[in-house]
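The values are calculated or read from the model by the stated rules, or taken from the named source; none is laboratory data. Given the structure is predicted, the values throughout are model-derived calculations rather than measurements. All Cβ positions, even for glycine, are placed from backbone atoms using ideal geometry, and neighbour counts span all protein chains on display. Remember, those area values only see protein heavy atoms, side chains included, never the ligands or the DNA or RNA. Shrake-Rupley method; radii C 1.70, N 1.55, O 1.52, S 1.80 Å.
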Amino acid sequence: MELIYEISVNGRRGVRLPASDVPAATPLPGEFLRAEPAGLPELSELDVVRHFTQLSRRNIGVDTTFYPLGSCTMKYNPKAMEEGARLFLPFHPMIALLPGGEALAQGTLAILHHMEEALEEITGMDAVTCQPLAGAHGEMTGIMLIAAYHKAKGNRKKYVIVPDSSHGTNPASAAMAGYQVVTIPTAPYGDMDLEAFKAALNGEVAAVMMTCPNTLGLFNPHIKEICDMAHGVDALVYYDGANLNAILGQLRPGDVGFDVVHVNLHKTFGTPHGSGGPGSGPVGVKKALIPFLPVPRVVRRKDGSFTLAADNPQSIGRMANFFGNFGVIARAYAYTLMLGREGLIEVSELAVLNANYVMSRLKDLYELPFDQTCMHECVFSASRQLQHDIHAIDIAKFLIDKGFHPPTVYFPMIVKEAIMIEPTETESKATLDAFIDAMREAAELAEKDPAALKRAPVTTPISRLDETKAAREQNVCFA
Amino acid sequence: MSFTPHTPEEIREMLATIGVGSIGDLFRPIPKELRARSFDLPPGMSEFEMMARLQEMAARNGRVVPFVGGGYYDHVIPAAVDHLAGRSEFYTAYTPYQPECSQGSLQALFEYQTAICRLTGLEASNASLYDGGTALAEAAMMALRVTGRGRILLDGAVNPFHRAIVRTYLANLPVEIVELPPVNGMLDRQSLAGKLDDRCAAVMVQNPTFFGCVADYSDLAAQVHKSGALLVSAVYAVSLGLLKPPGDMGVDIAVGDGQSLGNHLSFGGPAFGFITAKKQYIRNMPGRIVGETVDREGRRGFVLTLQAREQHIKRHKATSNICSNQSLCALRGLIFLASLGKRGLVELARLNRDKAEYAKRALAAVRGVTIPPGGPTFNEFTIRLPKRADDVVASLLQRGIAAGVPLGSYYPGEENSVVVTVTEKRTKGEIALLARELEGALWN
């Protein structure tokens, strides 16, 4: 398909701007001006509409297709949330920061505060900030809070412990907060190796970052023990909320002993992923970390009104331009209102049911490296299919032809040829059955006609792409 | 309600297939003593009740005429932007890890990267960052990696919120940040000259500055490069319809807020941040980058590329921890730019400056108001009042006008100054109202 720059026609015009009601200004001196207009396309409105509508048809999303992308929680995004967020589009964030401006932002500040309170109850933490703009941003905020805590106590800490099954964002966030990363291997029972953990834990460890359930979709029964041991050396324990969907209403990280959590509103709270964002990554903390939270904080006054507090000398400072991705937070608030207590519990129940159903119907054909009850997702290995030179990626591409978005492949890295399936709670048995049939067909083809899998996908506008060429040529801008 | 489709019969069938008696059995791996001690949330409601609740909350926000910026700007948004970005093939998709079924997002992001390069006059853009402030912090870290040096010279005329984000991001790294107090709303060149040496990784400036002043950093770039440092400039996207692009000045890395390009104010987010640089620095860039390639039949296609920089491959050695970015908002930016087109963006920028110059004259005519020295401006300018700006702005706010951002909280000694923003959406009548009300607040 042509690029938007290739369909440009010299002199064609699209959207018209309002006529000016003031005289033209004296032009700026030449040294401040651009020599020629930026090379943007020249198109009619219909040209633009056709182009992007056609592009959209070369994409699939949750609304078109089952999307069991493990670790990403691609659940249905209820439409009412979009309508709800639309109500707040005109509000300028600076108004709330002007002297006396808070009075004009009571509705939006209330939403931020209510969402923080709801997340406190859901995670069992003492305070929450909605400022972080994505999950990884929440992680970095959380590790910075931990760093500030240790600094204030005069603790000399150097290391952050991360299991080898963790998301790459965990070690990357720890490094951005100035820590060295210690990676702990996964034991044959599917959890962080406890003995290796004990050996690595010492007084210089600042934090332990855990995903719970872990990225294999398994619940680690030693989680409280790990928290207690970490606290024994004044290390804090970080809860990566990527998999919160599995435990909504079942377990609260705060009850178990976690000190800091982040929540992915774009996963657990049903806000759309937008082809890779925007997300929102609120962070919850225990009491000891409250003084370090980013500013400004939304605070409820005694009279019930809301104010913004920025004069916090111990705060880590500012993580974002304003108050977070408000539109995403408003959607998540709408989600929380609609589901309520029972609905949120039902989320985890049916997410876990769906994952176990898929797991039990595929484990005869696909290697299941950790054969036990899973939580919200299950991780297979294509190692059996590898005997026929079929890789996880070949199965993934075949699934596209069968009308599904593939599961996550090659993550977690500790499983060879990993296929990570997260169905989510919003998918029906019929959809799961169709997906299972396709997975079973792929396993059969791996034995009988592996070349067919290697050809896939054949139903898409393009076939498999040459990624090496892209990396070598680095053509990232249309010439 | 939880938007789940399961019937009781289906649940029974599924449990039987799994071989357990109840859903509760599936949660057995969680020991009893670790179960939630509380889950005290209100009962759910229908979407209609939810909408009524949110409408009631939206009504608690006041509506005022905004002459404020601070990094976010009240610009027009063509209807096509909402409609096209509202295609759920875009907004309900994940990061395009499977390129064959994500060519829509990938091609759009490639077109976005191209638009940002053309706007800024630079050669390589990523597929978006969170916002302008975090983009500035990422640019600082990029410069530290490129130069292997440990000091950042940060112009005090850069947006104070964005400077705060840079300080927070770098707080735990062995890096020194030297902030240079601005002179007349601009970089203090003299002070900079004394501090620029071979320990300096980057000089970070903004155009226009937080005070509204327009700069040409061409000579600065030469000076910075002589010391072996990089020049990083934050820019205001819409202003680039008119102003000299950072690439033409010799800037190495340019960043900015993309909100002004087709993203709603939405109480501060979501919008997007952009980062673009000279091609030689591409391997040090943070975040996702889309590259062009071909498929097995030789047809053009697009993929996420240079992923060896990223956290999911490099873990603690990645160029950044960023994973999700602001793709949908970047798509909005692209649709906005395509809708306005080459000439439309120039007209938009000119309209902004015309309105702002008109407003500047109108406010300068108010008794007691002066325009401090500082050179030309784009759509924001600083005015000095004969009274404390906080009080004046607060009193105008009561009368439905957000007159600007008082500078006292951010710049000691500037307690009487206000930065006023005038976009194309402000009318002659609103500007007259601002002048009249300001006169009233000052003298009645």
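Quick notes on this one:
- Pairing each residue of the stretch A:441-452 that is closer than 9 Å to A:HIS388 by Cβ with any residue that is outside any loop (DSSP other than H, G, I, E, B) and open to solvent by 70 Å² or more (accessible area, probe 1.4 Å), provided the two are 6+ apart or on different chains, yields C-beta distances under 9 Å for A:ALA446/A:ARG384.
- All positions within the stretch B:56-76 that are of a type in the set (Phe, Trp, Tyr) and open to solvent by less than 10 Å² (accessible area, probe 1.4 Å): B:PHE67, B:TYR72
- Residues of the stretch A:28-40 satisfying the condition of being open to solvent by less than 60 Å² (accessible area, probe 1.4 Å), closer than 17 Å to B:THR120 by Cβ and assigned to a loop (DSSP other than H, G, I, E, B): A:ARG34, A:PRO37, A:ALA38, A:GLY39, A:LEU40
- Listed here are the helices (runs of 4 or more DSSP H) enclosed by the stretch A:367-479 that have at least 1 residues being on the phi < 0 side of the Ramachandran plot and aromatic (Phe, Trp, Tyr): A:392-401, A:429-448.
- Residues in the stretch A:271-299 that are more than 30 Å from A:THR426 (Cβ to Cβ), more than 8 Å from every other protein chain (Cβ to nearest Cβ) and either open to solvent by less than 40 Å² (accessible area, probe 1.4 Å) or touching a strand residue (DSSP E or B) at 6+ places or on another chain (Cβ under 6 Å) (or both): A:VAL285, A:LEU289, A:ILE290, A:PHE292, A:LEU293, A:VAL295, A:PRO296, A:ARG297, A:VAL298, A:VAL299.
- Checking A:PRO412 against (1) touching a helix residue (DSSP H, G or I) at 6+ places or on another chain (Cβ under 9 Å); (2) at pLDDT below 95; (3) not β-branched (Val, Ile, Thr), the condition it does not meet: (1)
- Residue in the stretch A:94-112 that is under 23 Å from B:LEU328 (Cα atoms) and more than 7 Å from chain B (Cβ to nearest Cβ) present: yes
- The stretch A:44-91: number of residues that are of a type in the set (S, T, N, Q), part of a loop (DSSP other than H, G, I, E, B) and in contact (Cβ under 8 Å) with a residue 12 or more places away in the chain: 5
- Set B:PRO406, B:PRO386: member being surrounded by fewer than 18 Cβ atoms within 10 Å (Cβ to Cβ) and either of a type in the set (A, V, I, L, M) or in contact (Cβ under 8 Å) with a residue 12 or more places away in the chain (or both): B:PRO386
- Yes/no for B:SER88 being in contact with a strand residue (DSSP E or B) (Cβ under 7 Å, 6 or more places away or on another chain) and facing another protein chain (nearest Cβ under 7 Å): no
- Of all residues in the stretch B:332-360, those being more than 7 Å from every other protein chain (Cβ to nearest Cβ) and either open to solvent by 20 Å² or more (accessible area, probe 1.4 Å) or not aromatic (Phe, Trp, Tyr) (or both) number 9.
- Residue match in the stretch A:332-343 (condition: modelled with pLDDT of 95 or more, in contact with a strand residue (DSSP E or B) (Cβ under 9 Å, 6 or more places away or on another chain), crowded, with 24+ Cβ neighbours inside 10 Å and of a type outside the set (A, V, I, L, M, F, W, C)): no
- Candidates B:LEU144, B:LEU136: the one that is more than 8 Å from chain A (Cβ to nearest Cβ), part of a helix (DSSP H, G or I) and farther than 19 Å from B:ASN207 by Cα is B:LEU144.
- B:GLU100 being crowded, with 24+ Cβ neighbours inside 10 Å and either under 29 Å from B:SER227 (Cα atoms) or β-branched (Val, Ile, Thr) (or both): no
- From the options B:LYS355, B:LYS342, residue that is touching a Lys or Arg at 6+ places or on another chain (Cβ under 7 Å) and part of a helix (DSSP H, G or I): B:LYS355
- One residue stands out in the stretch B:304-331 among those that are in contact with an Asp or Glu (Cβ under 8 Å, 6 or more places away or on another chain) and open to solvent by less than 10 Å² (accessible area, probe 1.4 Å): the one that is farthest from A:HIS266 (Cα to Cα), namely B:THR305.
- Checking B:VAL303, B:VAL238, B:VAL294, B:VAL290 one by one, the residue that is more than 9 Å from every other protein chain (Cβ to nearest Cβ) and at negative phi is B:VAL238 and no other.
- Counting only helices (runs of 4 or more DSSP H) that sit completely within the stretch A:140-232, those holding 1 or more residues that are farther than 27 Å from B:ILE322 by Cβ correspond to A:194-200, A:223-232.
- First in the stretch B:110-124 and facing another protein chain (nearest Cβ under 7 Å) and open to solvent by 10 Å² or more (accessible area, probe 1.4 Å), second anywhere and part of a helix (DSSP H, G or I) and among the basic types (Lys, Arg), Cβ under 9 Å, 6 or more apart: B:GLU123/B:LYS279
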